[in-house]
Structures are given as structure tokens and as C-alpha cells.
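Values in this text are rule-based calculations from the coordinates and carry no lab data. Keep in mind that this is a model prediction, so the values were computed, not measured. Note that we place each Cβ from the backbone using ideal geometry, even for glycine, and neighbour counts take in every protein chain shown.
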Amino acid sequence: MSNVHPTVWHRPSLIENPWLRYGLTALALAYLFLSIGSLEIDWERVSKGLPRAASIFERMFPPDFSRWDLLVRGMVESLEMAFAATFIGMFLAIPLGLCAASNLVPRPVYLVARSIIVLTRTFHEVIIAIFFVKIFGFGPLAGVLTLVVASVSFIAKMLAEDIENMGPGQVEAIKATGASFFKLLLYGVAPQILPRYLGVSIYRMDANIRHSTVVGIVGAGGIGQTLSATFSRYDYDFSITILACIIIIVFFGEIFSNWARGRLR
């Protein structure tokens with residue numbers, strides 16, 4: 001007697017109809033090749049650029065550590081930008097995140113706060129840095145303001161989502177006592193979202209350390225500005241030194257971030 005039920009489990013497909021599934025796959029591949037073909041890549045220029053790239057890498061070695069004072073100044077400035085922007089962003093994100101939680105505030109306030117978050121998250125840090133450089137000129141102030149905007153939007157979004165997903169029991173119990181809105185936040189909301197809020201802030205500080213080296217390329221201070229200057233002067237041996245130091249700083253920042261967030265769990 002044959003088995004009616006299959007003995008081997010097969011994972012269900014996302015799209016059950018095989019004609020539709022394979023048709024969409026074929027369309028996606030066709031669009032991929034069409035997109036690559038429409039990029040108008042100059043392969044002759046690419047072939048000429050490969051020897052130039054080899055020359056650049058050859059001139060990067062050995063690394064130049066003679067200007068260590070300039071290197072240290074740039075790295076310290078990047079770290080200062082990252083820490084300042086993170087702490088300022090942590091505090092500014094609290095009211096914005098609370099206003100962006102649909103279960104805490106009226107609908108109009110929620111929509112305004114969410115619109116601010118979406119608007120600030122729309123643009124990349126480099127674009128925001130260019131904007132602040134045009135207003136305040138070259139230097140770390142533009143970089144700090146750029147990272148503050150990025151930190152506020154990111155932390156506020158995570159904070160709002162955590163508030164919306166938290167358990168309602170504790171909040172309802174505080175409301176039943178007739179507590180004010182401030183006490184509701186202090187005793188009902190804060191204990192539930194504080195560990196997550198600190199973890200997200202630490203993660204954002206790690207991201208700001210990396211981004212502080214990028215925004216400097218457009219003149220927003222930090223080691224990125226020094227790196228951009230070395231490429232402009234063809235000081236490739238000093239460029240590789242700066243790149244190595246950036247890798248080390250980001251590596252240790254990642255270790256600290258993982259350790260700190262692990263302690264908060």
C-alpha cells in the first residue's frame with residue numbers, strides 16, 4: 001500500500017504558480033542585463049585605468065608615518081565629532097521619538113514627528129554635510145551638525161518603534177492610578193525602552209565614528225578632510241597610513257559597541 005502523505009517536507013515557494021515565478025525571474029534577469037547595457041561604460045577607459053591603479057597602489061608603500069602629528073590631530077577631531085554628535089543626538093531624539101509614537105500622542109503630532117524623521121532620513125550624510133559646509137564653511141562644525149541630524153533621525157525612529165511595540169500592561173496600570181503624562185513616561189515607558197534606547201545610541205556612536213571619516217571628504221572636518229587633501233596632493237604613502245588608522249579606529253569602535261550592547265541585554 002503506497003503512502004498517501006509525503007514523507008519529505010518541501011519548503012513552500014513564495015510564488016506558488018511556476019509560470020509566474022519563472023516569468024518574474026526571467027523579467028528580472030532581462031532588466032538586469034538591460035540596466036548594465038545602458039550604463040554606457042567606457043571599457044577602453046577602464047583598461048587604461050587599471051595600470052594607473054597599479055601605480056597608485058605601488059606608490060602607497062611603504063606608508064609614511066613622518067606626519068604623525070597631523071594624523072593624530074585628524075583622528076582626534078573625528079572622534080570628538082562622533083562623540084559630540086552622538087550625545088547631542090541622544091537628547092534631541094527623545095522628544096522627537098516620543099512624538100513619533102502613535103500610542104502616546106495625538107494623530108497630528110504623530111504625523112508631524114514622523115514627517116520630520118522621514119525627511120531627515122531621506123538624504124545621505126554626505127549630502128547633508130555639503131549643505132552645512134555651504135552654510136558654515138569648512139571645518140568640524142559642519143561635520144558635527146551633519147552627524148547630529150543623522151543621529152536624531154535614527155535614534156528617534158528606533159525609539160518610536162520600541163514604544164509602539166512595548167507591552168501595554170504597565171502603561172495601562174500607570175494610567176489607572178491617574179498619573180500625569182510625565183509620570184506615565186517615567187514609570188510606564190522608560191523602564192521598558194531604556195535598555196534598547198541605550199543600545200541603539202551606542203550603535204549610532206559606532207556608526208558616527210565611521211561616518212565622521214566620510215563627511216570630512218567634502219570639507220566637514222575630521223580625518224576625512226586630511227585624507228582628501230592627501231589624494232589631491234598625490235601623497236599616496238600618507239593616504240595609506242590614514243586609511244590604516246581609520247580601519248583600526250573603526251575596528252575598535254565595533255568591538256566596544258558589541259561589548260556595550262551585550263552588557264545591556
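Count the net charge of all other residues whose Cβ sits under 11 Å from the Cβ of M60, scoring Lys and Arg as +1 and Asp and Glu as -1.
Around M60, the charge tally is -3.
Find the centroid of the Cα atoms in segment 6-75 and in segment 193-265, then give the distance between the two in whole Å.
For segment 6-75 versus segment 193-265, the Cα centre distance is 23 Å.
Please report K157, K183, K48 as a ranked list, fewest other C-beta atoms within 10 angstrom at the top and most at the bottom.
So the ranking, lowest neighbour count to highest, is K48, K183, K157.
Assuming 1.567 mPa s and 4 °C, estimate D for segment 146-265 with Stokes-Einstein, Rh taken as the Kirkwood radius over Cα pairs, in µm²/s.
Using the Kirkwood radius from Cα pairs, D works out to 76 µm²/s.
Taking a ≥ b ≥ c as the square roots of the Cα gyration tensor eigenvalues, with a/c under 1.5 meaning rounded and otherwise prolate when a/b beats b/c, else oblate, which class fits the chain?
Oblate is the answer for the chain, as a/c is 1.5 or above yet b/c matches or exceeds a/b.
Once fully extended, how much extra length lies between N103 and R67, figured as 0.36 nm per residue of separation less the alpha-carbon to alpha-carbon distance?
7.5 nm
Cβ under 12 Å from V218's Cβ, V218 left aside: what net charge do those residues give with Lys, Arg +1 and Asp, Glu -1?
Net of charged neighbours comes to 0.
With 10 angstrom as the radius, rank V214, V200, V126 by how many other C-beta atoms surround their C-beta, starting from the fewest.
So the ranking, lowest neighbour count to highest, is V126, V214, V200.
May I ask you to compute the full-extension gain from E254 to F182, defined as 0.36 nm times their residue separation minus their alpha-carbon distance, rounded to one decimal in nm?
That pair, E254 and F182, stretches by 22.4 nm at full extension.
Please arrange E254, E58, E40 by how many other C-beta atoms lie within 10 Å of their C-beta, fewest to most.
E40, E58, E254
Using a 7 Å offset from Cα along Cα-Cβ at A244, what residues in segment 207-227 end up with backbone N under 17 Å from the label point?
227
Net charge near A85: determine it from the other residues with C-beta under 15 Å of the C-beta of A85, scoring Lys and Arg +1 and Asp and Glu -1.
Summing Lys and Arg as +1 and Asp and Glu as -1 gives -2.
For the chain, modelled as a GNM with alpha-carbon contacts under 10 angstrom, which of A179, A142, A82 fluctuates the most?
Among A179, A142, A82, the largest GNM mean-square fluctuation belongs to A179.
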